[in-house]
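Trainee: Can you keep this structure in mind? I'll have questions shortly.
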Amino acid sequence: MRIAVTYENGEIFQHFGRTEQFKVYDIEDGKIVSSEVTGTDGRGHGALAGVLNELNVDTLICGGIGGGAQAALAEAGIKLYGGASGEADAAVEALLSGTLEFNPDVHCDHHGEHHHHEGGCGSHSHTCGSHGCGGH
């Protein structure tokens, strides 16, 4: 099993489409055996599913995520745990122990599938994960 977490300074970065790093964990027998931080080469949004695919990731933990990116992850066969927050390492441990708190209905937009991120989630990303971006 390979788990990726949107990553910034040890924490789960709260806007999937704008993350500049993933922390990727290799899991064997329900335990973390190795981890590394990898950049996204400036790619964003739906293209990040391709980055995760190249890394052979099968599970993603993140904060807010838009519908297009969710669809790209689903198409790539990557299981999504969105709406998570806090320390990346702790989130992976929680997932492995079955106690990860996440929001299965997380969304990072107000405009359905056809949206642009002019102000978008970046302007209030700290509320994205826990409030589904409804905190305007």
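The values are calculated or read from the model by the stated rules, or taken from the named source; none is laboratory data. Bear in mind that the values here come from a model prediction, so they are computed numbers and not experimental data. Cβ: placed from backbone, ideal geometry, glycine included. Neighbour counts: every protein chain shown.
Trainee: Out of the residues in segment 58-74 that are touching a helix residue (DSSP H, G or I) at 6+ places or on another chain (Cβ under 7 Å) and not small (Gly, Ala, Ser), which is farthest from Ile12 (Cα to Cα)? Let's see the steps before the verdict.
Mentor: Within segment 58-74, the first condition is being touching a helix residue (DSSP H, G or I) at 6+ places or on another chain (Cβ under 7 Å), and the residues that meet it are 60-66, 69, 72-73.
Among the residues that remain, those that are also not small (Gly, Ala, Ser) are: 60-62, 65, 73.
Numbers: Leu60: 11, Ile61: 8, Cys62: 6, Ile65: 12, Leu73: 18 Å.
If we take residues in segment 58-74 being touching a helix residue (DSSP H, G or I) at 6+ places or on another chain (Cβ under 7 Å) and not small (Gly, Ala, Ser), then Leu73 is farthest from Ile12 (Cα to Cα).
Trainee: Given Leu96, Leu52, Leu100, which one is modelled with pLDDT of 95 or more, surrounded by 14 or more Cβ atoms within 10 Å (Cβ to Cβ) and assigned to a loop (DSSP other than H, G, I, E, B)? First the steps, then the outcome.
Mentor: Values: Leu96 fails: assigned to a loop (DSSP other than H, G, I, E, B); Leu52 fails: assigned to a loop (DSSP other than H, G, I, E, B).
The unique qualifying residue is Leu100.
Residues are listed down the side, and each one gets a yes or a no for (1) within 13 Å of the chain's Cα centre (by Cα); (2) more than 21 Å from Glu8 (Cβ to Cβ); (3) part of a loop (DSSP other than H, G, I, E, B):
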residue: Lys23; (1), (2), (3): yes, no, no
residue: Val37; (1), (2), (3): no, no, no
residue: Gly42; (1), (2), (3): no, no, yes
residue: Asn56; (1), (2), (3): no, yes, yes
residue: Ala84; (1), (2), (3): yes, no, yes
residue: Ala91; (1), (2), (3): yes, no, no
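Trainee: For Ile12, all conditions in the list (1) over 21 Å from Asn103 (Cα atoms); (2) among the aliphatic types (A, V, I, L, M); (3) in contact (Cβ under 8 Å) with a residue 60 or more places away in the chain hold save one; what is the number of the exception?
Mentor: Here Ile12 meets the rest and fails (1).
Trainee: Within segment 58-69, can you find the residues that are surrounded by 24 or more Cβ atoms within 10 Å (Cβ to Cβ) and either under 12 Å from Thr19 (Cα atoms) or at pLDDT 95 or above (or both)?
Mentor: Correct list: Leu60, Ile61, Cys62, Gly63, Gly64, Ile65.
Trainee: Restricting the search to segment 70-93, which residues are of a type in the set (A, V, I, L, M, F, W, C), crowded, with 16+ Cβ neighbours inside 10 Å and in contact with a strand residue (DSSP E or B) (Cβ under 9 Å, 6 or more places away or on another chain)?
Mentor: Leu73, Ile78, Leu80, Ala84, Ala88, Ala91, Val92
Trainee: I'd like the full set of residues that are out of contact with any Lys or Arg (no Cβ under 8 Å at 6 or more places or on another chain) and surrounded by 16 or more Cβ atoms within 10 Å (Cβ to Cβ), limited to segment 22-37. I'd like the intermediate steps shown before the answer.
Mentor: We begin by selecting, within segment 22-37, every residue out of contact with any Lys or Arg (no Cβ under 8 Å at 6 or more places or on another chain); these are 22-23, 28-34.
Residues satisfying the conditions are Phe22, Lys23.
Trainee: Can you tell me how many residues in segment 1-21 are modelled with pLDDT of 95 or more, part of a strand (DSSP E or B), under 20 Å from Ala72 (Cβ atoms) and not basic (Lys, Arg)?
Mentor: Residues flagged as modelled with pLDDT of 95 or more, part of a strand (DSSP E or B), under 20 Å from Ala72 (Cβ atoms) and not basic (Lys, Arg) within segment 1-21 amount to 7.
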